[in-house]
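One structure is given below, encoded as structure tokens.
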Amino acid sequence: MSPELSALLEHLAENSTVSELALHSADLRGADIAGAVFDRVDLSYAQLQHARFVDCAFHDCRFDRGELEAASLRACRFDRGRFDQSRWTQAQLEECVFHEASAAGIDLRGARMAQSQWFNGDLRQAVLREVTLDRCIFAGSTLEQADLQSAQLRQVGFDRIDLRNTDFAAAALDQVAFFDCDLSGKVLRGQRMPRSQFVRTRLAGIDLSGADLTQSNFQGADLRGARLEAVAAAYANFCGADLSDARCQSAYFANSLWVEARLDRADLSGADLESASMLRANAVGTRFSRARLNQADLSYADCSEADFDGVSFSATRVHRATLPRGPWRRQSGVIFQDADLYAAEAWSQRRDALYD
């Protein structure tokens, strides 16, 4: 045990709070500390490899350029503080909270973070390559040029973060949530992203071709000009999303939801939209050529100038939909009048009359 570690442990035996202590470049390897409070302690350049901290609080502390390889932290809280250029490779961070921490260039390669949270932090150019993130939250933080290549993300939440320059190459994203984020123009071809959330997220021009988006939620998302060719997106939710000019050829959208979505000029040729619900969708000039619309519901949708050449229809509902000119009445497999919707409309009119 180094003299610095011995002195620190001796101090903590008498007082659980350490204030304004200079431990710059100190050798604290293998430290095992629980329940301590560190206030304005300088741990920059400190050697903390294989250290263990449990239920500790760090207020305005410095860890910049510190060595924390294989360190283990559980239920620790970090308020503010600096972690710039520190090295946490293979570290274990469980149930930790980082609030307004500066961690630009932090190296977390191969680390495992479970149920940890980063609020309003600076993670610019952070190296999170091959990291495992399980039930973690990043809210209001900066991840500019962060490296998440080959990372494993499960039930991770990103809230109000610009991720346009964050590298997700070869990352596995399962049940990842993006709320009010910006992923515009990113290339995520062929990636597995099932059960993910993209609520109100900016995805304009994103390339998701060939991706697995099964059961994913794009409600209110901006997907203008997005590339979704050959995606697997069964049971996906695109309600209220804007997919104007999106390219969705040969995609699999069975049982998907598109209520009030914008699909103007989108290309869905060859797509499988079996049992898709497209009520009140705006599909002006949309290409549905050779698509499968078996048991799909386009009731109240605006499909004026849409291309339905070679489409497969079977029990396809178009109740009060605006359709392009053509011999629709001779088209087999199309249901023009929906008795249930007529009944719902009549009930709505009676209800409105009661309040007039």
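The values are calculated or read from the model by the stated rules, or taken from the named source; none is laboratory data. Note that the structure is predicted; figures quoted are calculated from it, not measured. Cβ placement follows ideal geometry from the backbone for every residue including glycine, while neighbour counts extend to all protein chains displayed. For the accessible areas, the whole protein counts, side chains as well, though only heavy atoms, and no ligand, DNA or RNA atoms are used. Shrake-Rupley method; radii C 1.70, N 1.55, O 1.52, S 1.80 Å.
The residue list Ser2, Ser19 contains one member that is of a type in the set (Ser, Thr, Tyr) and within 29 Å of Arg109 (Cβ to Cβ), which is Ser2.
Of the residues screened, Gly285 is not one that is touching a Ser or Thr at 6+ places or on another chain (Cβ under 7 Å), surrounded by fewer than 21 Cβ atoms within 10 Å (Cβ to Cβ) and of a type outside the set (D, E, K, R). Of the listed requirements (1) among the β-branched types (Val, Ile, Thr); (2) under 18 Å from Phe218 (Cα atoms); (3) open to solvent by 10 Å² or more (accessible area, probe 1.4 Å), Val127 misses just one: (2).
Take the residues in the range 92-113 that are open to solvent by less than 10 Å² (accessible area, probe 1.4 Å) and not aliphatic (A, V, I, L, M), then tell me which one is farthest from Phe53 (Cα to Cα). By that ranking, first place goes to Phe98. Residue pairs whose Cβ atoms lie under 6 Å apart, sitting 6 or more positions apart in sequence or on different chains, and linking a residue in the range 46-58 that is farther than 14 Å from Gly81 by Cβ to a partner that is open to solvent by 10 Å² or more (accessible area, probe 1.4 Å) and in a strand (DSSP E or B), are Gln47/Asp27; Gln47/Glu67; Gln49/Glu67; Arg52/Asp32; Arg52/Ser72; Val54/Ala34; Val54/Arg74; Asp55/Ala34. For the range 52-77, a residue qualifies if it is part of a strand (DSSP E or B), basic (Lys, Arg) and more than 18 Å from Ile137 (Cβ to Cβ), and the qualifying residues are Arg52, Arg62.
In a residue-by-residue description of the range 244-265, the property of being assigned to a loop (DSSP other than H, G, I, E, B), closer than 20 Å to Asp297 by Cβ and acidic (Asp, Glu) applies to at least one position.
Hey, does the range 319-326 have a residue that's open to solvent by 40 Å² or more (accessible area, probe 1.4 Å), over 30 Å from Gly190 (Cβ atoms) and hydrophobic (A, V, I, L, M, F, W, C)? Yes, that holds for at least one residue.
Residue by residue, here is whether (1) touching a strand residue (DSSP E or B) at 6+ places or on another chain (Cβ under 9 Å); (2) charged (D, E, K, R); (3) open to solvent by 10 Å² or more (accessible area, probe 1.4 Å); (4) over 27 Å from Phe119 (Cβ atoms) holds:
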site: Glu4; (1), (2), (3), (4): yes, yes, yes, yes
site: Ala7; (1), (2), (3), (4): no, no, yes, yes
site: Ser25; (1), (2), (3), (4): yes, no, yes, yes
site: Phe38; (1), (2), (3), (4): yes, no, no, no
site: Ala51; (1), (2), (3), (4): yes, no, no, no
site: Ala57; (1), (2), (3), (4): yes, no, yes, no
site: Asp60; (1), (2), (3), (4): yes, yes, yes, no
site: Glu69; (1), (2), (3), (4): yes, yes, yes, no
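Among the residues of this structure, Phe168 does not count as one that is within 13 Å of the chain's Cα centre (by Cα) and more than 20 Å from Ala111 (Cα to Cα).
Screening Ala46 on (1) open to solvent by less than 60 Å² (accessible area, probe 1.4 Å); (2) more than 34 Å from the chain's Cα centre (by Cα); (3) over 21 Å from Leu123 (Cβ atoms) shows it passes everything except condition (3).
Only one of these is hydroxyl-bearing (Ser, Thr, Tyr), closer than 22 Å to Arg52 by Cβ and either touching a residue at least 24 places away in the same chain (Cβ under 8 Å) or surrounded by 19 or more Cβ atoms within 10 Å (Cβ to Cβ) (or both): Thr132, Thr89. Name it. Answer to the selection: Thr89. Taken together, Ser314, Ser275 contain a single residue that is within 19 Å of Gly240 (Cα to Cα), modelled with pLDDT of 95 or more and either in a loop (DSSP other than H, G, I, E, B) or open to solvent by 50 Å² or more (accessible area, probe 1.4 Å) (or both), which is Ser275.
Just checking, how many residues over the range 145-172 are part of a loop (DSSP other than H, G, I, E, B) and closer than 16 Å to Arg202 by Cα? Looking only at that region, the number is 6. Of all residues in the range 147-171, count the ones that are closer than 17 Å to Phe198 by Cβ and buried (at least 21 other Cβ atoms within 10 Å of the Cβ). Adding up the residues that qualify gives 9.
Residue under question is Glu144, and the condition is that it be at pLDDT 95 or above and closer than 26 Å to Arg192 by Cα; does it hold? Taking the combined requirement at face value, the residue satisfies it. One residue stands out among those in the range 173-209 that are part of a strand (DSSP E or B) and open to solvent by less than 20 Å² (accessible area, probe 1.4 Å): the one that is nearest to Asp162 (Cα to Cα), which is Asp182.
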